[in-house]
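Values quoted throughout were computed directly from the atomic coordinates according to the rules given, and no laboratory measurement underlies them. In this text, all values refer to a predicted model and were calculated from it rather than measured experimentally. Here the Cβ positions follow ideal geometry from the backbone for every residue, glycine too, while neighbour counts run over all protein chains shown.
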Amino acid sequence: MATSENNDVIQLRGRSLLKEVDLTKQEFLSIVDLAERLRTEKRSGTERQRLLGRNIALIFEKASTRTRAAFEVAAHDQGAHVTYMGPEGSHIGHKESMKDTARVLGRMFDGIEYRGSSQESVEILSRFSGVPVWNGLTDQWHPTQMLADILTMRDHAGKPLDRVGFCYLGDARNNTANSLLVTGALLGMDVRIAAPEDLWPTEDVQTMAKELALVSGARIHIGKDVIGGVEGADFLYTDVWVSMGEPSLDWDMRIDQLLPYQVNAATMKATGNAGAKFMHCLPALHNTDTELGRQIFDKWSLSALEVTEEVFESPASVVFDQAENRLHTIKAAMVASLGD
């Protein structure tokens, strides 16, 4: 644990969070420590508002449930005001460049959240706004999710993080897999990825993780074998395989390619760890209760994709702890950057 809350806040005051490697191991864990304390305060009704009078802009170029809810509730809990700017609610990218937008918003707001496709956009926001910027998701990185994931792992592992092993299964060339790989490497964890070779993280991301591991002592394994990947793991983690809007042929190919990486009861058993937990950043295609789930069943006769209903609804599933922890860790990131 960090020695004091004031040290956590001063240490990161004025700083942006654009990707995980913006933080040292100690800085990353100090935010998680602060999140744990803020969670305790909220649950006990003793929360102190540290962001009174602050104004925060929330830029969402991509739709969101958890990220938007977490930023809004966290800000309100801490006494800050938020302004939501959705895909149709501003001139960003249409009539006004991100650089110009940054210079306008930086004169009006104390901090800015950005959720969209381009990592370059969030970097520009930080460079030209002059205020802390938090990456709520880009195509390359998902740092606010990682803070919540590490808090969740720490809650459930029952042992130090450097003795925790997790395996990500499925499409591993996306932002969540990239972030899990470098975060685990940063923190000295046992990090595995089980995925088809053409869906592994890029060489640049792998190199970044390996360089971090040389310092932290992390163990990294990236391979195609599911059984070897999950053996002994404390957590199995997956994410969606496909997105609506992708061509139908891509869906056919991706589903055939990734079905062997589905997290099901057999996959959980293959860990050899009766206490293994299941994680997912959500939303998940685990049943036919959604319009998309019904479309998948009608076309491919599959009631679930990346995770089965049996695992998702099992006692091993900690996905809703993850979701709640988005609130506490996002709150901690804002307090660390802006708090009194």
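What to note about this one:
- Global size of the chain as Cα Rg and Dmax, reported in angstrom: 19.7, 56
- Segment 257-340: relative contact order in percent, alpha carbon pairs under 8 Å with at least 6 residues between: 35
- Across the chain, Cα pairs under 8 Å and at least six residues apart give a relative contact order of 21 percent.
- Length-normalised contact order of segment 110-196 in % [C-alpha pairs under 8 Å, at least 6 apart]: 25
- The alpha carbons of segment 34-174 stretch over 51, 41, 24 Å along the principal axes, in descending order.
- Cβ-based exposure ranking for TYR84, TYR261, in which fewest neighbours within 10 Å come first: TYR84, TYR261
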